[in-house]
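Chemist: Take this structure, written in structure tokens, and hold onto it; I'll ask about it next.
The values are calculated or read from the model by the stated rules, or taken from the named source; none is laboratory data. Source: prediction; values computed, not measured. Ideal geometry is used to build each Cβ from the backbone, glycine not excepted, and the neighbour counts take in all protein chains shown. Heavy atoms of the whole protein, side chains included, go into the accessibility calculation; ligands, DNA and RNA do not. Shrake-Rupley method; radii C 1.70, N 1.55, O 1.52, S 1.80 Å.
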Protein chains: 2
Amino acid sequence: MGEFELLARIRERLPANGPRIHLGSGDDAAITVPDGATATSVDALVDGVHFRRALASPAQIGHKALAAALSDLAAMGAEPGEAYVALGVPPDLDEDGCIELLGGLLALARETGTSIAGGDVTRAAELFLALTVVGHAPGPDAFVERSGARAGDALVLTGEIGGAAAGLRLLETDCGVDPPTAQSASNQAGALRTRQLEPTPRIGAGRALAAAGATAMIDLSDGLGGDAGHLAQSSGAGLRIDAASLPLADGVAEVAAAAQREPLDIAASGGEDYELLASIAPDRLEQAESAVREAEGIALTQIGEVVAGIGVEIRLPDGRLLEPGGFDQLA
Amino acid sequence: MGEFELLARIRERLPANGPRIHLGSGDDAAITVPDGATATSVDALVDGVHFRRALASPAQIGHKALAAALSDLAAMGAEPGEAYVALGVPPDLDEDGCIELLGGLLALARETGTSIAGGDVTRAAELFLALTVVGHAPGPDAFVERSGARAGDALVLTGEIGGAAAGLRLLETDCGVDPPTAQSASNQAGALRTRQLEPTPRIGAGRALAAAGATAMIDLSDGLGGDAGHLAQSSGAGLRIDAASLPLADGVAEVAAAAQREPLDIAASGGEDYELLASIAPDRLEQAESAVREAEGIALTQIGEVVAGIGVEIRLPDGRLLEPGGFDQLA
């Protein structure tokens, strides 16, 4: 495979440039005219660490790489602008495989209004992607950082959690075998696998939360326990989470039972749900809920509150504290 | 090695944020307030393809990765702003090795006024880096694209070429053995190895050429023959190059003789010199020469001219055409 031939095939598949792009892929650099401020994030994904080629199609891998990167922009409340793709191509991924991977990536780019403005392709021993994404806002203060949570704020979560970890468990144990016969079980299992393989970055929800006045926000890539910890550390605040209020994805309970685990443990420690955790003043809660539902058709659930101190407490209905961890997840 | 521990060690080594950075590494995304327009480029480097760990120290690898990326900004005439680093760490590169690699990268960042504003670190089977760099200008038209060369323009080259390819040959044949006894030969060989291992992005020269009115510009990463071809294609122009005028780095002739190759062939086909090739109106030539010398202390040499047609002709003193290619180079 010639690098230049592949680049030419890639370029001819790129849609027209976005509104801020003065010069797209093909020169030494892309030229853009940003809005007032930009949010920029980089995500690297490696075969065997963040995805497994045995479990995911090239298109799903491309989708997931961009989704993981865009999720960071969602957590800033940014409007997605441009993405830059570095791709390491192993000997056993042919040119058509690369184009399929790019197809998955481009489909999500189209859905989210993201322009692929540049990139680099190289030979590699194993498949890797590094996605740099740039989001925009009128000014720097329009973005939501991790550091603004204050005691008294409500702690809210978009959508449902545990689905990606449950989907991974299904993928690992099914090994490609068809799901159970009952149609409902099959649909549920399929939805869980999709949560793992083709996550949705919560861009609309993130912008809605930013507009509604979220004081701090983070996306759940490592799992609720870990990511809540990052937000608590950055804000210098305590997060008290009511485990019973955690919105579990349909089917997580069944997967947990089969794995002899607690559903709440999966929900608190399973990563890659890419939902958003945010703090917001209680009197903004109602407005935020309807804005998130309108933007993305998903629920916003209050799961706890911000308190004095630094750290995270996830309290079970019986009063014990949940110690998240130990459930299998991709890094 | 814990990812978060390594990230913490990396972050504490990052210098203070640059002037455009509102929020640096450590949140979901970095927040910047760009100038009027940005130029963004991505470069991926992989062990065994763009460098070899057997031939280069971790610090040299970090330097080269950032240098290759910044060279693209130099070719736009951009002022370097921020860099984002995705790093794939193999099992046999320990935390201290990662910090040494980052040290080489940070030293060049400091020299060039580049801020490391974010990044991602992951496990990988082999060492890879993907560098995204963002450069700035007051507006999009201040950048120099590849497409503006017009018949009648002079074709100019910064510095000297062939050095990086000759240095690679020395590194491969020396295999770590000490250079010849004569001090001068040793110094010359050392300089060639440095050209290969620690290239200098021509940022000052690029900005000087942009200010002097360069009509098109590209950096020589693949080699003069190939990169001149890209510029010719983008501009829809012909480039007529006088081989005798090519400025060879000191010592290239000796390495070529030892390898039984023509020095001019090394100069035309050897990549990774990261010098700048530009077109400019002949009446701007003198001004451009002194601006490049003042900015970077290197020569600007006219090596040919832009003519009608599309393509590149490199003419030898005896009238034959040089067909570049075939000399070993890293990709």
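Chemist: Per DSSP H run of n ≥ 4, the term is -39500 (n - 2.57); total these for chain B, divide by its residue number, and report the mean residue ellipticity at 222 nm rounded to 500 deg cm²/dmol.
Modeler: Per the formula, -11500 deg cm²/dmol.
Chemist: Now for a separate question. Give the value in nm², to one decimal: projected area of the alpha carbon convex hull of segment B:250-303, averaged over all directions.
Modeler: On the way: hull surface 17.9 nm².
Quarter of the Cα hull surface area: 4.5 nm².
Chemist: What are the nm distances, shortest first, from A:Arg150 to its equivalents in the other copies, labels at 7 Å along Cα→Cβ?
Modeler: 5.9
Chemist: Put a label point 7 Å from Cα along the Cβ direction on B:Glu254, then list its distances to the equivalent points in the other copies in nm, shortest first.
Modeler: Ordered by increasing distance: 7.5 nm.
Chemist: Here's another thing I want to ask about it. At B:Gln287, with labels set 7 Å past Cα in the Cβ direction, how many nm apart are the copies from this one, shortest first?
Modeler: Nearest first, the other copies' label points are 5.5 nm away.
Chemist: Please compute the per residue accessible area over chain A with all protein chains in place, 1.4 Å probe, rounded to a whole number of Å².
Modeler: 37 Å²
Chemist: Taking the Cα centre as origin and putting +1 on Lys and Arg beta-carbons and -1 on Asp and Glu beta-carbons, what dipole magnitude results for the protein assembly as shown, to the nearest 20 debye?
Modeler: Working: 44 positive and 96 negative charges, 112 e Å.
Using Cβ point charges on Lys, Arg, Asp and Glu, the protein assembly as shown gives about 540 debye.
Chemist: Report the A-B buried area as the accessible area lost on both sides summed, probe 1.4 Å, in Å² to the nearest 100. Each step should come with its number before you reach the end.
Modeler: Details: alone 14330 and 14320 Å², together 24560 Å².
For chain A against chain B, roughly 4100 Å² becomes buried.
Chemist: May I pose another question? With all distinct Cα pairs included, what does the Kirkwood hydrodynamic radius of segment B:1-61 come out to in Å, to one decimal, could you say?
Modeler: Radius from the Kirkwood sum: 14.9 Å.
Chemist: Please name the residues of segment B:20-51 whose accessible area, counted over protein heavy atoms with a 1.4 angstrom probe, falls by no less than 50 Å² between the chain alone and the full protein assembly.
Modeler: B:His22, B:Asp27, B:Asp28, B:Ala29, B:Ile31, B:Thr38, B:Thr40, B:Val42, B:Ala44
Chemist: Pick out which of B:Thr40, B:Thr122, B:Thr301 has the largest mean-square fluctuation in a Gaussian network model of chain B, springs linking Cα atoms closer than 10 Å.
Modeler: B:Thr122
Chemist: Mind telling me which of B:Asp318, B:Asp242, B:Asp96 comes out most flexible in a GNM of chain B, alpha-carbon contacts under 10 Å?
Modeler: B:Asp318
Chemist: Computing the accessible area with a 1.4 Å probe over protein heavy atoms, can you report the carbon and sulfur percentage for the protein assembly as shown?
Modeler: Values: 11890 of 24560 Å².
Carbon and sulfur: 48 percent of the exposed surface of the protein assembly as shown.
Chemist: If you don't mind, there's one more thing I want to ask. Can you give me the Rg/Rh ratio for segment B:178-297, using Cα atoms for both radii and the Kirkwood formula for Rh?
Modeler: Ratio value, two decimals: 1.00.
Chemist: Same structure again: What are the extents of the Cα atoms of segment B:49-117 along their three principal axes, listed from largest to smallest and rounded to whole Å?
Modeler: That works out to 38, 23, 18 Å along the principal axes.
Chemist: Let me ask something else about it. Translational diffusion coefficient, Stokes-Einstein: compute it for chain B using the Kirkwood radius over C-alpha pairs as Rh, at 20 °C and 1.002 mPa s, and state it as an integer in µm² s⁻¹.
Modeler: 105 µm²/s
Chemist: Right, something else. When only alpha-carbon atoms are used, what values of Rg and Dmax, in angstrom, describe the protein assembly as shown?
Modeler: 26.4, 92
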